[in-house]
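Asker: Quick one: this structure, given as structure tokens, is what I'll be asking you about.
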Amino acid sequence: MGGPRGYSSYHGKGPKWKILLAVLLVLVILGALAVIRLQKYVVYDDSDRPRLDLPQFSKDQPEGSGSTPVDEPGDASFTIEEPEQRSVQAAALPVGPMTDWKAVWAAVSPGGAYNAAVYTVKAADGLVYIDAQAAPPSSVRTVEGSAAALGDMLKDEGVYAVAKIDCFRDPVASSADLAGRGLKNTGGYVFYDGNNERWLDPAKEGARQYLVDLATACAAAGFDEILLTDVSYPTVGKLNKIDYGPAATGLPDSLRQGINAFLTEMKAALAEYDVKLSILLPPELFASTGALAAEGTAAVSGQSLEDIAPLMDRVYVSASGDGTELDSLRTRLAVVSKDTELVPVLAQPGAPEDGVSYLIAP
């Protein structure tokens, strides 16, 4: 008896072409498995032509026949190692534009004594020694051939290039834009510290952005490291005459927060580049205790080792090279940041220890 319309409970035998199709499909599958199985026996002769080298015949192959078996997946064991931290034995180059990189480096590093060069991009007098669009035109000091010499330095694979940027102590940029960048006194005029120096104001976005733009230009050009100095407020002179702006209501913590904000902005801007960020700090900062020293340089500069060190790859500090002093500095730094390297700045040539980073800056 038939079932519902359109459906039959018995289909009968299928046509022969379906059987052939099934057999063909099985053969294709078997062939694919055979190819996969035989891949490990494929070898190449000296002309890169492939052939099969089955195990039962491989013992008859003469030694040195030139065939190279393809490695079977899983046979080789690989050990992935982290890249070794490169120690930096650095020497400071003369401040100013250079036109003959090789001659300058030969004079500074006779016989290849050092592996890193520190080039001053922006000096404490506000002058800039690269063709930087962000810098006031009056501050740029370059000469014909200086760009080519700088390029030669950056292309030298044997030299680690450090761009040194003196940050907030800057008489040129501060006067060029006192309202947007400069540090003022309480009377509304430019502030002069105890050394008759003028400063950029860390609290002003224009001042911070100027320095960030210089640093990113250096990173884009190919420098390996950016070394920041003078990252602070003035510490000498009639400091009570400084117009700190809104930060004045929360001194000294507000100064520390302003410095930290600048360094955080700098680190974020450099994140897309393969470049290290470092800073030069005064040695007295290593003797402070707590988040911020209650008295002394740290309280008026806005600097705090506890806050700054974790943001940096390296911290540079002036040192005598004496082992005891360096050990003390390293111990203090390790308390606040185990991943930050201490780099002593020495006046005389010679490493404090083999394989340890240092900077010679006479």
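Asker: Among the residues of region 124-136, is any within 19 Å of E225 (Cβ to Cβ), of a type in the set (S, T, Y) and at pLDDT below 95?
Answerer: Taking every residue of region 124-136 in turn, none turns out to be within 19 Å of E225 (Cβ to Cβ), of a type in the set (S, T, Y) and at pLDDT below 95.
Asker: Would it be correct to say that D230 is charged (D, E, K, R), in contact with a Gly (Cβ under 7 Å, 6 or more places away or on another chain) and open to solvent by less than 40 Å² (accessible area, probe 1.4 Å)?
Answerer: Working: charged (D, E, K, R): yes; in contact with a Gly (Cβ under 7 Å, 6 or more places away or on another chain): no; open to solvent by less than 40 Å² (accessible area, probe 1.4 Å): yes.
For D230, the condition - charged (D, E, K, R), in contact with a Gly (Cβ under 7 Å, 6 or more places away or on another chain) and open to solvent by less than 40 Å² (accessible area, probe 1.4 Å) - is not met.
Asker: Shifting gears a bit: Restricted to region 212-256, and to residues that are of a type in the set (D, E) and over 14 Å from the mean Cα position of the chain (by Cα), which residue is farthest from A271 (Cα to Cα)? Step through it out loud before you land on a result.
Answerer: From region 212-256, those of a type in the set (D, E) are 213, 224-225, 230, 243, 253; that's our starting set.
Next cut, over 14 Å from the mean Cα position of the chain (by Cα) only: 213, 230, 243, 253.
Numbers: D213: 13, D230: 22, D243: 33, D253: 27 Å.
Residue satisfying both the conditions and the ranking: D243.
Asker: While we're looking at this one, here's another question. If you check every pair at least six apart or on different chains, which have Cβ atoms under 8 Å apart with a residue in region 155-167 that is of a type in the set (A, V, I, L, M) first and a residue that is assigned to a loop (DSSP other than H, G, I, E, B) second?
Answerer: Within 8 Å, the pairs are V159/N115; A161/G222; A161/F223; A161/D224; V162/V88; V162/F223; V162/D224; A163/F223.
Asker: Given the condition in contact with an Asp or Glu (Cβ under 7 Å, 6 or more places away or on another chain) and either open to solvent by less than 50 Å² (accessible area, probe 1.4 Å) or not hydrophobic (A, V, I, L, M, F, W, C) (or both), answer yes or no: does some residue in region 211-224 qualify?
Answerer: So far as region 211-224 goes, yes, one or more of its residues are in contact with an Asp or Glu (Cβ under 7 Å, 6 or more places away or on another chain) and either open to solvent by less than 50 Å² (accessible area, probe 1.4 Å) or not hydrophobic (A, V, I, L, M, F, W, C) (or both).
Asker: While we're on this one: Listed residues D201, D166; which is crowded, with 20+ Cβ neighbours inside 10 Å and closer than 27 Å to A91 by Cα?
Answerer: Values: D201 fails: closer than 27 Å to A91 by Cα.
From the options D201, D166, the qualifying one is D166.
Asker: Right, here's the next one. If we keep just the residues of region 241-261 that are of a type in the set (A, V, I, L, M) and over 18 Å from G182 (Cβ atoms), which is surrounded by the fewest Cβ atoms within 10 Å (Cβ to Cβ)? Steps first, please.
Answerer: Step one: of region 241-261, the residues of a type in the set (A, V, I, L, M) are 242, 247-248, 251, 255, 259, 261.
Remaining after also requiring over 18 Å from G182 (Cβ atoms): 251, 261.
Numbers: L251: 16, A261: 13.
Going through the qualifying residues, I end up with A261.
Asker: Quick one: count up the residues across region 84-105 that are at pLDDT below 95, aliphatic (A, V, I, L, M) and surrounded by fewer than 15 Cβ atoms within 10 Å (Cβ to Cβ).
Answerer: Qualifying residue count, region 84-105: 0.
Asker: From the list D224, D213, D230, which residue is on the phi > 0 side of the Ramachandran plot, at pLDDT 95 or above, out of contact with any Ser or Thr (no Cβ under 8 Å at 6 or more places or on another chain) and among the charged types (D, E, K, R)? First the steps, then the outcome.
Answerer: Details: D224 fails: on the phi > 0 side of the Ramachandran plot; D213 fails: on the phi > 0 side of the Ramachandran plot.
Sole residue among the options that is on the phi > 0 side of the Ramachandran plot, at pLDDT 95 or above, out of contact with any Ser or Thr (no Cβ under 8 Å at 6 or more places or on another chain) and among the charged types (D, E, K, R): D230.
Asker: Within region 183-203, how many residues turn out to be free of Cβ contacts under 8 Å to residues at least 40 places away in the same chain and under 29 Å from the mean Cα position of the chain (by Cα)?
Answerer: The total comes to 2.
Asker: Please go through region 84-105 and give me each residue that is part of a loop (DSSP other than H, G, I, E, B) and within 23 Å of V356 (Cα to Cα), ordered by number. Steps first, answer last, please.
Answerer: Filtering region 84-105 down to residues part of a loop (DSSP other than H, G, I, E, B) leaves 84-88, 93-100.
E84, Q85, R86, S87, V88, L93 - these are the residues of region 84-105 that are part of a loop (DSSP other than H, G, I, E, B) and within 23 Å of V356 (Cα to Cα).
Asker: Let me ask something else about it. Give the residues of region 329-354 that are surrounded by 15 or more Cβ atoms within 10 Å (Cβ to Cβ) and in contact with a helix residue (DSSP H, G or I) (Cβ under 9 Å, 6 or more places away or on another chain), sorted by residue number.
Answerer: Across region 329-354, the qualifying residues are L329, R332, L333, V336, S337, T340, E341, L342, P344, P352.
Asker: Among the residues that make up region 307-315, is at least one of them exposed (fewer than 15 other Cβ atoms within 10 Å of the Cβ), more than 20 Å from G112 (Cβ to Cβ), under 24 Å from the mean Cα position of the chain (by Cα) and without any contact (Cβ under 8 Å) to a residue 40 or more places away in the chain? Before you say what the answer is, go through the steps one by one.
Answerer: Initial filter on region 307-315 (exposed (fewer than 15 other Cβ atoms within 10 Å of the Cβ)): 310.
If we keep only those that are more than 20 Å from G112 (Cβ to Cβ) too, we end up with 310.
Applying the additional criterion that residues be under 24 Å from the mean Cα position of the chain (by Cα) yields 310.
Those left that are additionally without any contact (Cβ under 8 Å) to a residue 40 or more places away in the chain: 310.
Yes.
Asker: Quick one: which of G112, G180, G158 is part of a loop (DSSP other than H, G, I, E, B), open to solvent by 10 Å² or more (accessible area, probe 1.4 Å) and on the phi > 0 side of the Ramachandran plot? Explain how you work it out, then say what you get.
Answerer: On the way: G180 fails: on the phi > 0 side of the Ramachandran plot; G158 fails: on the phi > 0 side of the Ramachandran plot.
Step by step, each of G112, G180, G158 is checked, and only G112 is part of a loop (DSSP other than H, G, I, E, B), open to solvent by 10 Å² or more (accessible area, probe 1.4 Å) and on the phi > 0 side of the Ramachandran plot.
Asker: Then there is this: For L326, indicate whether it is modelled with pLDDT under 90, buried (at least 17 other Cβ atoms within 10 Å of the Cβ) and touching a strand residue (DSSP E or B) at 6+ places or on another chain (Cβ under 9 Å).
Answerer: yes
Asker: In this structure, does V118 turn out to be touching a residue at least 40 places away in the same chain (Cβ under 8 Å), out of contact with any helix residue (DSSP H, G or I) (no Cβ under 9 Å at 6 or more places or on another chain) and assigned to a strand (DSSP E or B)? Outline the logic, then answer.
Answerer: Working: touching a residue at least 40 places away in the same chain (Cβ under 8 Å): yes; out of contact with any helix residue (DSSP H, G or I) (no Cβ under 9 Å at 6 or more places or on another chain): yes; assigned to a strand (DSSP E or B): yes.
Criteria met by V118.
The values are calculated or read from the model by the stated rules, or taken from the named source; none is laboratory data. All values reported here derive from a predicted model rather than from experimental measurement. Backbone-built Cβ (ideal geometry, glycine too); neighbour counts: all protein chains shown. The area values use the complete protein model at the heavy-atom level, side chains included, leaving out ligands, DNA and RNA. Shrake-Rupley method; radii C 1.70, N 1.55, O 1.52, S 1.80 Å.
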